[in-house]
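The values are calculated or read from the model by the stated rules, or taken from the named source; none is laboratory data. Treat the numbers as computed from the prediction; the structure is a model and nothing was measured. Cβ sites come from the backbone with ideal geometry, for glycine too, and all protein chains shown count toward neighbours. For accessibility, only protein heavy atoms count, side chains too; no ligands or nucleic acids. Shrake-Rupley method; radii C 1.70, N 1.55, O 1.52, S 1.80 Å.
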Amino acid sequence: QVQLVESGGGLVQAGGSLRLSCVASGRTSSTYAMGWFRQAPGQEREFVAAITWSGTSTYYADSVKGRFTISRDYAKSTVSLQMNSLKPEDTAVYYCAAAESPPIVILSGYRYWGQGTQVTVSS
């Protein structure tokens, strides 16, 4: 089992920045990749970004490329999502997830999920 705890959400004005963090604990040795997903009200959960646990590869949704950066601190078992130039359409609950094998850009590739953190971007 892997436990995930997110933090860093909040309210920010359009154009602002937020940094989300996700701390992993438990059987992290089996982790292949970590990802961030988001779910806006009335919409399906969607992929945002992912990083292999080795840190060698990163993946982004087209909607966040150039604005969001995913990174990981192996020693602290932490994955972060730096979000810049935020837009109102980025408003959602953001979820951290852990995958034990590929694929890592789709929902079904992830076995473990955090509880989510709310990000609200005002216009």
Grab the beta carbon distance between TYR32 and SER122, set R0 = 30 Å, and tell me the FRET efficiency rounded to 0.05.
0.25
Computed FRET efficiency, Cβ-Cβ of ARG45 and ALA75, R0 35 Å: what is it to the nearest 0.05?
0.75
Measure off, as a whole percent, the carbon and sulfur share of the 1.4 Å-probe accessible area of the chain, all protein chains present.
49
With a 1.4 Å probe and every protein chain left in place, work out the accessible area per residue of the chain in Å², rounded to a whole number.
49
Sort 78-91, 43-56 by the packing proxy (mean of other Cβ within 10 Å over each peptide's residues), most packed first.
78-91, 43-56
